[in-house]
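A.B. asks: To start, I am sharing the structure in question, which I have written as structure tokens.
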Amino acid sequence: MTITATSDQMQSPSRIRRVFRYLRRNKSLGFGLIILLALVLFTLVGLMVIDPKDAYPLSAPTRRAPSWAYPFGTDFFGRDLLAVMVVGMWQTAFIGVVAGGVGTFIGVVLGFTSAYFGGWIDSVIRVVCQILTPIPVLLIQVVVAGSLDKRDVTIFTMALIVVMLAWMAPTLVIRSQVLTMKERSFVSVAKLSGVSDMGIIFKEILPNLMPFVAAAFVGQIFLAVFASFYLAVLGLGPLREPLLGNIIWLAQAQGAFFNGWWWWPVAPSVGMILILGSLALINMGLDELSNPRIRKSE
């Protein structure tokens, strides 16, 4: 027992060291995770420190430059921009995770169904994806968001608008991977051993595709965050909510830079750059992890 415990204690730090060594080699993944962790800590600590009500109009003096009392300043509508950044990042992350998660889940289900079972199901899913893929997603999202009553638009509505066509890319990626994976020898052995189709999918193929699923999930979060951002910048988001895109749109509408209120659009712009930058770096790192052709050796 003593020898086993000692062996486990020796193996655990070794695994941790291997993870850190890999992150040092895979700089995209390492830097992306560091930035994302910093943003998560900023949001979590901020939610414990600030009053979320300060992120809404008439909660603070208007047009105050950054100071000790208001580190990020206040805007024309009397919102504390520090509170706006905290709440806005949480709402933006919520839209990204919900839309990205739903889109990836639908894509994984359709991709597995299409590639593994084939036949007319594969034909229908492939044709639908081929028809919808050339359609500009931005155009569809703008038309749908613009047709809604602004009073009915919420962060949940934004997530649903973003997720409408978010399943196509994961479907095509997972389908192509399953098509190659199901021809591998271990799948043939599982079939000869009497393993059911669901058993092969969940116990044999899916575990081997988890890096691809993770990369697709992060990629969909990136696209969802970006979509919610440009819809809000166009004035098609939930205008009362302190989404980062909404703050930039309102700052532009009020001529913040021309009036000398430079701090108003700067904070949300930097926040969006950090969010999108961290997700892009993580996606690049996961692509290296999931692609054996470019994966760096130990």
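The values are calculated or read from the model by the stated rules, or taken from the named source; none is laboratory data. Note that the structure is a prediction, hence the values are computed from the model and not measured. Neighbour counts are summed over all protein chains in view; Cβ atoms, including those assigned to glycine, are modelled from backbone coordinates with ideal geometry.
A.B. asks: Kindly establish whether Phe94 is at negative phi, more than 17 Å from the chain's Cα centre (by Cα) and not charged (D, E, K, R).
C.D. replies: no
A.B. asks: Tell me which residues, restricted to region 228-258, are in contact (Cβ under 8 Å) with a residue 12 or more places away in the chain, assigned to a loop (DSSP other than H, G, I, E, B) and closer than 16 Å to Gly73 by Cβ.
C.D. replies: Pro242, Gln254, Ala256
A.B. asks: Here is a further query. Out of everything in region 114-141 that is in contact with a Lys or Arg (Cβ under 9 Å, 6 or more places away or on another chain) and closer than 28 Å to Met158 by Cα, what residue ends up being surrounded by the fewest Cβ atoms within 10 Å (Cβ to Cβ)?
C.D. replies: Top of the filtered list is Arg126.
A.B. asks: Additional query: If Met85 satisfies all but one of (1) over 24 Å from Ala159 (Cα atoms); (2) in contact with a Gly (Cβ under 7 Å, 6 or more places away or on another chain), what's the number of the condition it fails?
C.D. replies: For Met85, the exception is condition (1).
A.B. asks: For Val153, are the conditions met, namely being at pLDDT 85 or above, more than 19 Å from Phe212 (Cβ to Cβ) and either surrounded by 13 or more Cβ atoms within 10 Å (Cβ to Cβ) or under 16 Å from the mean Cα position of the chain (by Cα) (or both)?
C.D. replies: Values: at pLDDT 85 or above: no; more than 19 Å from Phe212 (Cβ to Cβ): yes; either surrounded by 13 or more Cβ atoms within 10 Å (Cβ to Cβ) or under 16 Å from the mean Cα position of the chain (by Cα) (or both): yes.
Against the criterion (at pLDDT 85 or above, more than 19 Å from Phe212 (Cβ to Cβ) and either surrounded by 13 or more Cβ atoms within 10 Å (Cβ to Cβ) or under 16 Å from the mean Cα position of the chain (by Cα) (or both)), Val153 does not qualify.
A.B. asks: Another one. Which of the helices (runs of 4 or more DSSP H) contained wholly in region 152-200 include at least 1 residues that are more than 26 Å from Gln220 (Cβ to Cβ)?
C.D. replies: Working: elements: 155-163, 168-181, 185-192.
In region 152-200, 185-192 are the helices (runs of 4 or more DSSP H) which contain 1 or more residues that are more than 26 Å from Gln220 (Cβ to Cβ).
A.B. asks: Out of (1) part of a loop (DSSP other than H, G, I, E, B); (2) under 30 Å from Pro211 (Cβ atoms), the odd one out for Trp68 is which?
C.D. replies: Just one mismatch for Trp68, condition (2).
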